[in-house]
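Notes follow the structure.
The values are calculated or read from the model by the stated rules, or taken from the named source; none is laboratory data. Only a predicted model underlies this, so the values are computations on that prediction, with no experimental measurement involved. Quick reminder, even Gly has a Cβ in these numbers, built from the backbone with ideal geometry, and neighbours come from all protein chains shown. To get the accessible areas, we keep the full protein, side chains included, count just its heavy atoms, and leave off ligands, DNA and RNA. Shrake-Rupley method; radii C 1.70, N 1.55, O 1.52, S 1.80 Å.
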Protein chains: 4
Amino acid sequence: MPDNLTEIIEELVLANRILSNEGVLDAFGHVSVRHPGDPSRYFIPRHRAPELAEVSDIVELNLDSEPVKPTEFRLYSERVIHGEIYKARPEVNAVCHHHAHAVLPFAISGRELVPVFHLGAVIGEVPFWDQRDEFGDTNMLVIKPAEGASLARALGPHWMVLMRRHGATVAGTSLRELTFRTVFGCDNAKLLSQAIAHGHVDTLSPGEAKLTSAHQLRPPSQGRAWDYWVRRVEKAGLLPRPAKAAAARSKPKAAKASKPKAKKRR
Amino acid sequence: MPDNLTEIIEELVLANRILSNEGVLDAFGHVSVRHPGDPSRYFIPRHRAPELAEVSDIVELNLDSEPVKPTEFRLYSERVIHGEIYKARPEVNAVCHHHAHAVLPFAISGRELVPVFHLGAVIGEVPFWDQRDEFGDTNMLVIKPAEGASLARALGPHWMVLMRRHGATVAGTSLRELTFRTVFGCDNAKLLSQAIAHGHVDTLSPGEAKLTSAHQLRPPSQGRAWDYWVRRVEKAGLLPRPAKAAAARSKPKAAKASKPKAKKRR
Amino acid sequence: MPDNLTEIIEELVLANRILSNEGVLDAFGHVSVRHPGDPSRYFIPRHRAPELAEVSDIVELNLDSEPVKPTEFRLYSERVIHGEIYKARPEVNAVCHHHAHAVLPFAISGRELVPVFHLGAVIGEVPFWDQRDEFGDTNMLVIKPAEGASLARALGPHWMVLMRRHGATVAGTSLRELTFRTVFGCDNAKLLSQAIAHGHVDTLSPGEAKLTSAHQLRPPSQGRAWDYWVRRVEKAGLLPRPAKAAAARSKPKAAKASKPKAKKRR
Amino acid sequence: MPDNLTEIIEELVLANRILSNEGVLDAFGHVSVRHPGDPSRYFIPRHRAPELAEVSDIVELNLDSEPVKPTEFRLYSERVIHGEIYKARPEVNAVCHHHAHAVLPFAISGRELVPVFHLGAVIGEVPFWDQRDEFGDTNMLVIKPAEGASLARALGPHWMVLMRRHGATVAGTSLRELTFRTVFGCDNAKLLSQAIAHGHVDTLSPGEAKLTSAHQLRPPSQGRAWDYWVRRVEKAGLLPRPAKAAAARSKPKAAKASKPKAKKRR
């Protein structure tokens, strides 16, 4: 976990690149992280495609999703999604709103998105939210604070919520956990769609889901996946300049992380 | 919006690259733009794959789809699609005819292509046209003016028309709007096909479709998506030489576009 | 059409690269061309993945599929597919045997592969061949001359044949026609599979199929698609060294080809 | 087959890259090879994404999956899969555990994975294993020796086993055979899923499956596919530094392999 503002902002930019490179985000969607030293603020790129966001594009907002300092930047119109979830869920430190093609079919068909393989366990129970239920016909964007608060209520104590005819919003205790849950949530959705086409779906038992999610959210799995996605970002020529240092920093850490367990062995 | 001929021709080349790079166009299909200063003319590449078209390949045609100046270039055999739509629809300034794999299944199965997520709202109502109805057995290409006029009638006041066993034609008030509608029309089609496989489809209400389409066609959404697609063209090594300048020009504009709203905030 | 042996061998290598790059061929499958000056011989790469074949890998075989000159090269075990089709069909000058994922589902399910969009018209009527019918349990490869002859009989007067639980074989009057039919045959198969999933399939009328196929097999369509695929091979870094000259040669030709029609216009 | 430790370790790294590049492995999954000189040991990368594994990441484990020499490296938590299969199956010299999207739908739906095209014959009969049957609710990972032994029993005399709601494990007599079976096992699964969507599935007869598998596992097919995958790894910029020499070494070998048969011909 990065321990200062520069590092967390660089990690936010990197998470934006990873989630774009893994096919979750396109021109739209956004990722934010809560200020590590002040829970009443969060960081998010200005209004632009996540893959294009640089460190200099990151703005600091309060939980009403207003900029802390005056800015000339246009902001994401749906930023209240982030602010309202941070308000409602103190343990959430990172949020991603996306329209990935893997999960959209569930938002359109209304089929339940349930964990069907071990890595998918991290999505937990995924409720639906339909903006139309509370707000009638709208432009389908979550722009008003009341809309964001309604979505946060639908998320409740869970970690992912499907938005009918729109997309999904995912939460995490950290950027790495968020990235892991978002990518494997998409993988789980793709596999579930294929099993639906096979005519039968087997799901994780509640006990399996709980044990497996807890195991996959431990640092070794998280770090192994993160290092892999960073390498893929690098191969795609997408490593942000300032984040190159961050990527380098993350490697010795990963090595350090492996030592405790390894030392017990001989 | 480009304000002189050089810029609009460069933007046309760029739109051809974007739509090829996003998987809409392959060896076939074509994109045109109306002359900004003379509504009785339009620009379109000569007969070659859209991705390969350069500024020097652009020809100027009248609305009967004949070249304004003598040319040695072979022209697209289906160019009347463009001319006849420009004749019938004064507010249309850009047209794309394509055979994208995302929408062809609808042209083959006859399933209705309806908006199923917010970005898909921009397709509006999508009528069908079957060349066979009026012209019997043909080589299936829209070559004769009467065939183009028939297609334009089927399009009517709408923005996209499906051509049975052939493809689709999309219209826009500008190249950017056309590109946005074409790409997200394909995304909407892919997602709808997947929801069909789930066994249930939820669609936008008429009110949602209207409000959402209007919102997505505003400059900020258009610009954000365009900048993203240009970057992807650049990553793929497809940025046309003269358009590099145009791409550079578009960036300060995008920044400028964001200022009005941003200035209100502080 | 290349007019000497060097050119035709370079074009053969290029066709191998194109069909690999377009996802038709992988480690397996093969493409051959008949000797332009001696109809009793044909050229084909030695036993290696088509994408890796160089000009120096091309061998010359007689119609019994034996090498004309002694060679140390291992040859494709299924080369009789080519020889037997060249024997049976004097007008065929190029053959491709492949296991493309687009068409295999038809070879497995037994669903008929019929033209469902204009470019797919070039496949014509596609018969099935099941090696098991005549030869019982085998290693499923077409190795014996009798097996090749049986396949050629199943192909009959057509241009594509599906081989049950195995793949497909496609024929053409030239390498360019073969490449066009093979790629758009795969596209047609993909689109048909998707329309099947939609629950309804509309097909070309016999008259449409005939008129459309004839039109698409004319030089302008062929050249436009070939130039596009060559450019894609180039972008993928797969342009064979000797073929670079051939690719350069093909461009002025394409320009020349467009002139006759263009000259009539003014 | 490599004949010394350096070569086999380089080949193991290359197999990891190939299986990542072909879409079988992602951040997770692992590949091992038995020590060619000591059947009671095997080589496997330390705990990291297979694509990132270098020669310096390879560790040597005994069949209880404990390191032969003390190491600071974190090890794969599921390494008992490898050790227990090597214990139970003396003829197995290479093992891959993966979660490829091609086969997961079968692990979720419970549909039988059967050979449906000639190259798929190499998977043979594929049994299912459900960790829940013997161990109840777990974290779904095969961590305990008893779990690995149970999986090895389910594999029995076969070469591939599906793990419910988890993935698959594949075995081979060599790294090349393992790679071939793993990649074409995935291809077979993809094609079978598509045939299921067509509504009918034709399968290989038992006689075809036996004859075809035996033929495809001979050196020429194996070598042709391996050379192709190595080239693709090279194109993707993934050729490991030390393996570059190995790749170069493999080429003259392939040439040598072709000579015996070729010499008979003239």
Checklist entry - Counting DSSP beta bridges with both partners in chain A, what percentage is antiparallel, nearest 5? => result 90 percent
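Quick one: putting +1 on the C-beta of Lys and Arg, -1 on the C-beta of Asp and Glu, what dipole do you get for region D:109-188 around its Cα centre, in Debye to the nearest 20? Kindly include the intermediate steps, with their values, before the conclusion.
Working: 8 positive and 9 negative charges, 25 e Å.
Charge dipole of region D:109-188: 120 debye, to the nearest 20.
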Item to check | Solvent accessible area, Å² - D:Arg153, 1.4 Å probe, full protein context | outcome: 140 Å²
Checklist entry - Helices from chain B with mean Kyte-Doolittle at least 1.0 and a Cα length along the axis of 27 Å or more, per DSSP H: which? => result none
Checklist outcome for this item: Magnitude of the Cβ-charge dipole (Lys and Arg +1, Asp and Glu -1) of region C:190-243 about the Cα centre, nearest 20 debye, reported as 300 debye
Checklist outcome for this item: To the nearest 20 debye, the protein assembly as shown has a Cα-centred charge dipole, built from +1 on Lys and Arg Cβ and -1 on Asp and Glu Cβ, of 3080 debye
Checklist entry - Normalised by the residues of region B:1-129, what does the relative contact order come to in percent, with Cα pairs under 8 Å and at least six apart? => result 21 percent
Checklist entry - What ranking do D:176-185, A:194-203 get when scored by the average of other Cβ atoms within 10 Å per residue, highest first? => result D:176-185, A:194-203
Checklist entry - Taking a threshold of 26 Å on the Cα-Cα distance, which of the pairs A:Lys87/A:Lys144; C:Lys235/D:Lys190; A:Lys190/A:Lys235 fall above it? => result C:Lys235/D:Lys190
Next on the checklist: Suppose a student asked you for the relative contact order of region C:134-223, using Cα pairs under 8 Å spaced at least 6 residues apart; what percent would you report?
Outcome noted: 16 percent
Checklist entry - Measuring label to label, 7 Å along Cα→Cβ, what does B:Gly199 give against each other copy in nm, shortest first? => result 1.2, 1.2, 1.7
Next on the checklist: Per-residue Cβ counts within 10 Å, from other chains only, averaged over C:153-165: what number is that?
Outcome noted: 1
Next on the checklist: Along the charge dipole of region A:84-156, pointing to its positive end and built from +1/-1 on Cβ of Lys, Arg, Asp and Glu, which listed residue (A:Ala102, A:Leu141, A:Leu119) has its Cα farthest out?
Outcome noted: A:Leu119
Checklist entry - Can you give the average number of partner chain beta-carbon atoms within 10 Å of each beta-carbon in peptide B:205-212, as a whole number? => result 5
Next on the checklist: If R₀ is 35 angstrom, what is the calculated FRET efficiency for the pair B:Asp64 and C:His200, using the beta carbon separation as r and rounding to 0.05?
Outcome noted: 0.40
Item to check | Most to least packed among A:92-101, C:222-231 [average Cβ atoms within 10 Å] | outcome: A:92-101, C:222-231
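Based on DSSP, what percent of beta bridges with both residues in the protein assembly as shown are antiparallel, to the nearest 5?
Among the beta bridges of the protein assembly as shown, antiparallel pairing accounts for roughly 90 percent.
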Item to check | Solvent-accessible area per residue, Å², over the protein assembly as shown with all protein chains present [probe radius 1.4 Å] | outcome: 35 Å²
Checklist entry - Over all residues in B:219-225, what is the mean tally of Cβ atoms on other chains that come within 10 Å of each residue's Cβ? => result 4
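Mind checking Rg over Rh on region C:1-146, alpha carbons, Kirkwood formula for Rh? Before the final figure, lay out each step's value.
Numbers: Rg = 15.7 Å, Rh = 16.4 Å.
Answer for region C:1-146: 0.96.
As a test of the definition: which semi-axes, in Å, follow for chain A when you take the square root of five times each eigenvalue of its alpha carbon gyration tensor? Largest first, please. The partial results should precede the final answer.
On the way: eigenvalues 144, 132, 55 Å².
Each semi-axis is √(5λ); the values are 27, 26, 17 Å.
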Next on the checklist: If I model a spin label at B:Glu91 and D:Arg218 as a point 7 Å from the Cα along the Cα→Cβ vector, what separation in nanometres do I get?
Outcome noted: 7.0 nm
Checklist entry - For the rotation that brings chain D onto chain C, whose beta-carbon in chain D is nearest the axis, and what is that distance in whole angstrom? => result D:Ala197, 4
Checklist entry - Excluding ligands and nucleic acids, what accessible area in Å² is computed for D:Ile8 using a 1.4 Å probe, to the nearest 10? => result 10 Å²
Checklist outcome for this item: Projecting the Cα atoms of D:Met160, D:Ile81, D:Val230 onto the charge dipole of the protein assembly as shown, where Lys and Arg contribute +1 and Asp and Glu -1 at Cβ, the residue farthest towards the positive end is D:Val230
Checklist outcome for this item: Relative contact order of chain D (C-alpha contacts under 8 Å, at least 6 apart) in percent is 21 percent
Next on the checklist: Quick check on the protein assembly as shown: take the gyration tensor over C-alpha atoms, sort the square-rooted eigenvalues as a ≥ b ≥ c, and tell me if it's rounded (a/c under 1.5), prolate or oblate.
Outcome noted: oblate
